[in-house]
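Chemist: Take this structure first; my questions come after.
The values are calculated or read from the model by the stated rules, or taken from the named source; none is laboratory data. Here the structure is a predicted model, which means the values were calculated and not measured. Backbone-built Cβ (ideal geometry, glycine too); neighbour counts: all protein chains shown. Accessible surface is based on the protein model in full, side chains and every heavy atom, while ligands, DNA and RNA are left aside. Shrake-Rupley method; radii C 1.70, N 1.55, O 1.52, S 1.80 Å.
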Amino acid sequence: MKIGLYSITYLGVWYRGPALTLEQLLERAREYGYDGVEIDGKRPHGNPLDLPARRCREMRRRAADAGLEIYAVAANNDFTSPIPEHRESQVVYLRELIRMTADLGAKTLRVFAAWPGVTLAADGGRYDLAQRVWRTAHQEFSHQQSWEWCRECLTEAVGWAADHGVTLALQNHMPLITNREDMLRMVREVDSPHLKACYDAPLARKQGVTDMKAAVREVGSLQVLTHFGGEYDEDPDGTVRGWVRNPDGSLTAEDFYLDFTRGLLDIGYTGYTGYELCHPLPKVDGVTVGLEFADRNARLAARYMRDVLKRAGA
């Protein structure tokens, strides 16, 4: 298994301050000991409008020169809008991301079933506004109707993925996908070797999973990408500890990654687990933490996961 850095960490959404450039992202990944990077598919990092083939080739070269791999791209798509023009726009977006993923030399494109979006505010990103818009748009339509719209779009997208040698990885992310069973059901219904799974431990925890090893075994060979998250600190003896920030702002110790990783090893997974700092961050003296908070967590997260892999026997 390899450890990656997902660029959402440095997109300038959650901390106070600007996004890093892709070049700066590669520098951070190399400095902190990551094996590769996953590029988020929106500005200023990975919108296809900004990454023609020439720019993609340049980033592949820069990554290789840094000893890194661009192992994945992450889409921010919603295939469930009741407005056809919106779904069609999202299909075009994904088609262009598939092209961009191939041009970057990556094999995997993480996809959502339904992504409400995130709103940028002066004191950091927020989910609530986009989620409210999404709920309002869907309130007159059944879950099954949204499911069918999503399946239609994914069925169209896997054809382009096949043409470019790219695998789409469906994440177990709400709201349409509410658990592992939903994720696997959608993959089965689309029924293509170019749609597999991105099963993530933090989301599984939120979805009530208590036996991580058993859950990963159920996903099995469909697993092609995964992420870890949270916040980290370091004890005086150098031990790195992980925490999950709850909706009320409190912190809970992470205690599930070891079992999840053991499950990944049991199924023979040799891909990436990518770190993402992707949630509302704390305020200090009324001001959202800055870039240094992201730096500290990205640096410690790599050390934390290296230790988890070692303890798991990787």
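Chemist: Express the C-alpha Rg of the stretch 129-182 as a ratio against the empirical globular expectation 2.2 N^0.38 Å, rounded to two decimals.
Modeler: 1.34
Chemist: In the stretch 139-176, what GluC sites (Glu not before Pro) fall in a loop by DSSP, with at most 13 other Cβ atoms inside 10 Å?
Modeler: Sparse-neighbourhood loop GluC sites (Glu not before Pro): E140.
Chemist: Something else about it: Find the Cα radius of gyration of the stretch 247-287, compare it with 2.2 N^0.38 Å by division, and give the number to two decimals.
Modeler: Here the answer is 1.70, to two decimals.
Chemist: Now for a separate question. With no solvent and one point on each alpha carbon, what is the Debye value of log10 I(q)/I(0) for the stretch 1-95 at q = 0.13, 0.23 Å⁻¹?
Modeler: -0.49, -1.17
Chemist: Ok, one more. Any idea how far the Cα center of the stretch 141-172 sits from the one of the stretch 185-214, in Å?
Modeler: One Cα centre to the other: 15 Å.
Chemist: Oh, and also: What pairs in K2/K283; K42/K206; K213/K310; K107/K310; K107/K213 have C-alpha atoms more than 22 Å from each other?
Modeler: Where the Cα-Cα span goes over 22 Å, the pairs concerned are K2/K283; K42/K206; K107/K310; K107/K213.
Chemist: Using +1 at the Cβ of each Lys and Arg and -1 at the Cβ of each Asp and Glu in the chain, identify which of Y199, L225, G117 lies farthest towards the dipole's positive end.
Modeler: L225
Chemist: Show me the GluC sites (Glu not before Pro) within the stretch 203-308 that DSSP assigns to loop and that have at most 10 other Cβ atoms within 10 Å of their Cβ.
Modeler: none
Chemist: Subtract the Cα-Cα distance of E23 and A214 from 0.36 nm times their separation in residues, and report this length gain in nm to one decimal.
Modeler: Taking 0.36 nm per residue and subtracting the Cα distance, the gain is 64.8 nm.
Chemist: Subtracting the Cα-Cα distance from 0.36 nm times the residue separation, let me have the gained length for D163 to R245 in nm, one decimal.
Modeler: Extending this stretch completely gives an extra 25.5 nm.
Chemist: What whole-number value in Å² describes the accessible area per residue of the chain for a 1.4 Å probe?
Modeler: Dividing the accessible area of the chain by its residue count gives 44 Å².
Chemist: Stretched out fully, how many nm does the piece from F141 to A121 gain, at 0.36 nm a residue minus the Cα gap?
Modeler: Here the segment from F141 to A121 would lengthen by 4.2 nm.
Chemist: Give me the one-decimal nm value for the distance between modelled label points at E152 and K206, 7 Å along each residue's Cα-to-Cβ direction.
Modeler: 2.8
Chemist: Given N residues in the stretch 114-251, what is Rg(Cα) / (2.2 N^0.38 Å)?
Modeler: 1.23
Chemist: Sorted from largest down, what three extents in whole angstroms do the Cα atoms of the stretch 162-314 have along their principal axes?
Modeler: Principal-axis extents of the Cα atoms in the stretch 162-314, largest first: 51, 35, 33 Å.
Chemist: Right, here's the next one. From the mean inverse distance of alpha carbon pairs (Kirkwood) and the Cα radius of gyration, derive Rg over Rh for the stretch 210-270.
Modeler: 1.06
Chemist: Now, a different point. Ignoring ligands, DNA and RNA, please state the percent of accessible area on the chain from carbon and sulfur, probe 1.4 Å.
Modeler: Of all accessible area on the chain, carbon and sulfur atoms account for 48 percent.
Chemist: How big is the Rg/Rh ratio for the stretch 42-167, C-alpha atoms only, Rh by Kirkwood, two decimals?
Modeler: Taking Rh as the inverse mean 1/r over Cα pairs, Rg/Rh reads 1.02.
Chemist: Taking the Cα-to-Cβ direction at D128 and at A253 and moving 7 Å from each Cα, how far apart do the two end points lie in nm?
Modeler: Those two pseudo-labels are separated by 3.1 nm.
Chemist: Please name which of W243, A64, T136 has its Cα lying farthest along the dipole of the chain towards the positive end, using unit charges on Cβ (Lys, Arg +1; Asp, Glu -1) and the Cα centre as origin.
Modeler: A64
Chemist: Let me ask something else. Only Lys, Arg, Asp and Glu count, each charged at its Cβ (+1, +1, -1, -1), so figure out the dipole size of the stretch 116-161 about its Cα centre, rounded to 20 debye.
Modeler: Magnitude of the dipole: close to 140 debye.
Chemist: Rounded to whole Å and sorted largest first, list the principal axis extents of the Cα atoms in the stretch 155-215.
Modeler: 38, 20, 16
Chemist: Could you tell me which trypsin sites (Lys or Arg not before Pro) in the stretch 4-39 are loop residues by DSSP with no more than 13 other beta carbons within 10 angstrom of their beta carbon?
Modeler: For trypsin sites (Lys or Arg not before Pro) across the stretch 4-39 that sit outside H, G, I, E and B with at most 13 neighbouring Cβ atoms in 10 Å, the list is empty.
Chemist: Using only the Cα atoms of the chain, build the gyration tensor, take square roots of its eigenvalues as a ≥ b ≥ c, and label the shape rounded, prolate or oblate: rounded if a/c is under 1.5, else prolate if a/b is larger than b/c, else oblate.
Modeler: Rounded shape, in that the Cα axes give a/c under 1.5.
Chemist: Given 10 °C and 1.306 mPa s, compute D for the stretch 93-162 with the Stokes-Einstein relation, Rh being the Kirkwood radius over Cα pairs; round to the nearest whole µm²/s.
Modeler: 111
Chemist: Next question. Using square roots of five times the C-alpha gyration tensor eigenvalues, list the equivalent-ellipsoid semi-axes of the stretch 73-122 in whole Å, biggest first.
Modeler: Three semi-axes, in Å: 21, 15, 9.
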